[in-house]
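The values are calculated or read from the model by the stated rules, or taken from the named source; none is laboratory data. Not measured: the values here are computed from a predicted model. Cβ coordinates were reconstructed from backbone atoms using ideal geometry, including for glycine residues, and neighbour counts include every protein chain displayed.
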Amino acid sequence: MNVYKADLHIHTILSPCASLEMSPKNIVQRALEQNLDIIGITDHNSTLQCEIVIKEALKEGLKVYPGVEVTTKEEIHCLAYFSSLNDLSEFQTYLDQYMPNIKNDPKLFGYQVVVDENENIVYEEDKLLISALQIGIDKVEQLVHELNGIFIPAHVNKSKNSLISQLGFVPSTLKADAFEITKQTDNQSFISQNRLKSDTVILRNSDAHMLEQIGENVTFLSMESVEFSEFSLALNSLSGRKVILQ
């Protein structure tokens, strides 16, 4: 098995709270400087910048897992990843369907733009992407898994916009493929405090909104290759693949 260094929670210029320096080209370059093998692109409630990042990363041999950071009706942040751009596009139709019609104010929240490989603006999103969708976490999880995606509640130990902050507990019925925690807590403490199974898979990522944050917090994956199918095996600790505990 090979060990791969991954940061699977990175925002681009499309997220209103992200730096305008977070272009596909800059993200890829910073990831290479941090010796990352895999990155995840997870803008707020939109997948529209993923394809360009994938194209830029491909030139440099960097693997991208395309995804999104969904805000559920309960205002819980959840990460979703998909194996293909077709599945990603289909999930985008759900995001469009359940996104409330709240207009973004760039002066207040920030710009929401998609840029091409040359950093030219090709699209500006009018709806405020940090709004909560009109569906709950159970439905989001169901839609992700129907598209054979991976569903991971984000930064679950945070005091805001997390599973714990919003619900106070981890629902036993929630079919999460893993949980993301920040560096402020350790794996076993989180598992014990929330009465989870001892083999619950924990990831750590940067949640980068600025270039210098990329690679600050990472996950190591023991896999045969960087392909998405291997990532799924690692999350389930199958065929010798695994997430390396830190």
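If you go through the range 196-206 and keep only what is under 23 Å from V140 (Cα atoms), more than 13 Å from the chain's Cα centre (by Cα) and either of a type in the set (S, T, Y) or part of a loop (DSSP other than H, G, I, E, B) (or both), you end up with L196, K197, T200, V201. Within the range 207-234, the set of residues being under 27 Å from L14 (Cα atoms), in contact with an Asp or Glu (Cβ under 9 Å, 6 or more places away or on another chain) and not in a strand (DSSP E or B) comprises D207, M210, L211, Q213, I214, G215, E216, N217, V218, V226, S232.
Per-residue answers, yes or no, for (1) over 18 Å from I214 (Cβ atoms); (2) at pLDDT 95 or above; (3) over 15 Å from the mean Cα position of the chain (by Cα):
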{"position": "I39", "(1), (2), (3)": "no, yes, no"}
{"position": "T42", "(1), (2), (3)": "no, yes, no"}
{"position": "L48", "(1), (2), (3)": "yes, yes, no"}
{"position": "E56", "(1), (2), (3)": "no, yes, yes"}
{"position": "I76", "(1), (2), (3)": "yes, yes, no"}
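The set of residues from the range 117-133 being part of a loop (DSSP other than H, G, I, E, B), under 23 Å from the mean Cα position of the chain (by Cα) and more than 19 Å from E75 (Cβ to Cβ) comprises E117, E119, E125, D126. I181 satisfies every condition listed in (1) more than 25 Å from A132 (Cβ to Cβ); (2) in contact with a Phe, Trp or Tyr (Cβ under 6 Å, 6 or more places away or on another chain); (3) of a type in the set (A, V, I, L, M, F, W, C) except (1). Total residues in the range 60-116 satisfying the condition of being within 30 Å of Y4 (Cα to Cα), outside any strand (DSSP E or B) and among the small types (G, A, S): the figure is 4.
Among residues of the range 172-188 that are within 25 Å of H145 (Cβ to Cβ), those with a Cβ under 6 angstrom from a residue that is among the acidic types (D, E), sequence gap 6+ or separate chain, pair up as K175/E141.
Does D177 satisfy the criteria of being charged (D, E, K, R) and either over 28 Å from N2 (Cα atoms) or at pLDDT below 95 (or both)? No, not satisfied.
The number of residues in the range 138-162 that are in contact (Cβ under 8 Å) with a residue 40 or more places away in the chain and within 15 Å of the chain's Cα centre (by Cα) comes to 12.
Scanning the range 168-190 for residues that are in contact with a helix residue (DSSP H, G or I) (Cβ under 8 Å, 6 or more places away or on another chain) and not in a loop (DSSP other than H, G, I, E, B) yields a count of 1.
This table checks each residue for (1) surrounded by 17 or more Cβ atoms within 10 Å (Cβ to Cβ); (2) at pLDDT 95 or above.
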{"site": "Y94", "(1), (2)": "yes, yes"}
{"site": "Q112", "(1), (2)": "yes, yes"}
{"site": "Q134", "(1), (2)": "no, yes"}
{"site": "V140", "(1), (2)": "yes, yes"}
{"site": "N157", "(1), (2)": "yes, no"}
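Residues in the range 1-27 that are in contact with a Leu (Cβ under 7 Å, 6 or more places away or on another chain), buried (at least 23 other Cβ atoms within 10 Å of the Cβ) and over 13 Å from S206 (Cα atoms): I13, L14, S15, M22.
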